[in-house]
1. Which whole-number percent gives the relative contact order of the chain, counting Cα pairs below 8 Å spaced six or more residues apart?
2. Calculated from the structure, Cα extents along the principal axes in Å equals which of [x] 54, 46, 39; [y] 62, 49, 40; [z] 76, 49, 45?
3. Please identify the trypsin sites (Lys or Arg not before Pro) of the range 54-106 that satisfy two criteria: DSSP loop assignment and at most 11 other Cβ atoms within 10 Å. Which are they?
4. Could you derive backbone 3J(HN,Hα) for the range 67-80 from the dihedral phi with the Karplus parameters 6.51, -1.76 and 1.60 (θ = phi - 60°), listing whole Hz in sequence and x where the residue is Gly or Pro?
5. Just the accessible area per residue of the chain, please: how many Å² with a 1.4 Å probe?
6. Under 8 Å for C-alpha pairs, at least 6 residues apart: give me the relative contact order for the range 228-376, rounded to a whole percent.
7. Ignoring ligands, DNA and RNA, what percent of the accessible area of the chain is carbon or sulfur (1.4 Å)?
8. Net charge within 11 Å of residue 211 by Cβ-Cβ distance, Lys/Arg positive one each and Asp/Glu negative one each, not counting residue 211 itself?
Amino acid sequence: MRNHIAVLFVCAVFVVSCQPAGPAVEKDLQALIDSLVAENEAVHGVALHVDSPLLGLDWEGAAGMADPENAVAMTPAHPVRIASNTKTFVAASILRLWEEGELELDDSIAYYLPHVQYQMLRMDGYDPEAMTIRHLLTHTSGLFDHSQGQEYVSAIMSDPMHRWTRSEQFDAAIEWGDPHGAPGEFYTYCDTGYVLLGGIIEGVTGQSLGEAVRELTGYETLGLESTWWEILEPKPEGALDRAHQFLGEIDTVTFDASYDLYGGGGIVSTVGDMARFYRALFTGGVFADPATADVMLAAVEGAEPLPNGGPPDYRMGIWVVEVDGFESYRHTGFFGTLADYIPELDLAVAVTVNQNQGGGALNETARRAIEIVAAQVSGVE
């Protein structure tokens, strides 16, 4: 059953019995994130947003500190660098351009690349003519990922304020690694591919990446008032300062955003805005044709996952995973961000823990939030 039909079916089943979730569910959700901070010393702060129209529930809460050094309490309104959650926005923007007839998903990227990048790929053993936009979207291009090597980590840590360019990151991918295989042969998660997609969006639209994604995905219509592309756009009026995000004990708040800016990451957002976007994406609020969501979610055929190549079941800017028995459309980000949409429950959940090494706690928080809502939905069937 296609995802948008499934959502309509669920809504039809529950519309008669749907009732406000009540304070007990909200209390359980708050207790969940309170315990996350209390039980995980490395996690300084957490924010959670849960959007369940079936229960009349649109709740968000926070616990811990957004800025531990200055004792600034975490709130759901604190924006964070969402890192790879940005890829979902980028993929949706490419699909919007496809809907508008501005590109084809099976176009060769050779048509869109600057000549110097085209030549560099050829000289490094790639076949850019055979590499398509679809390959970039699904991490099956065979490109080496500049962000995965120790060289990149060392470069960032030695000079956190360096202003990286898109070209420097592309050059690093060429210099530090070789092709994994022919386009379509293997799946391996690749920020470099999404950096190229960011360049394609700019080239096709003639706009900066931030402006183009804002317009293509409809921030204003969706009410994404605290979402922006760092460096490329000004911080929205009224948005709070970013919550501090940690890599172990290292506070990265002053790190220049350019190390993760050009499509693999780059967006700053709140848990509320992330939840709104992910739910809208799969319920007809972003794409002109609801069936485009099925294109985004189509399984990738024929590509063999490489060892340590990232979680399987990646589609176009989104994973399809099972969470507590439910199919979920999910993405995560390096610094502790996660967004889920559960079509069977018409449920959007977004979480941030401001700690890279809080991944287990991040996933468990999302799972428990889904469990709490699912139990309530079951109780009103």
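1. 26
2. Read-out taken from this structure: [y].
3. Answer by residue number: there is no such site.
4. After applying 6.51 cos²θ - 1.76 cosθ + 1.60, I find 9, x, 4, 9, 6, 8, 5, 6, 10, x, 7, 6, x, 9 Hz.
5. That works out to 40 Å² per residue.
6. On the way: 189 pairs, mean separation 29.9, N = 149.
Value for the range 228-376: 20 percent.
7. Working: 7830 of 15390 Å².
Carbon and sulfur together cover 51 percent of it.
8. Details: positive: 214; negative: 202, 215, 233.
In short, -2.
The values are calculated or read from the model by the stated rules, or taken from the named source; none is laboratory data. Quick caveat: nothing in here was measured; it's all calculated off a predicted structure. Glycine also receives a Cβ, built like all others from the backbone with ideal geometry; neighbour counts cover every protein chain displayed. Heavy atoms of the whole protein, side chains included, go into the accessibility calculation; ligands, DNA and RNA do not. Shrake-Rupley method; radii C 1.70, N 1.55, O 1.52, S 1.80 Å.
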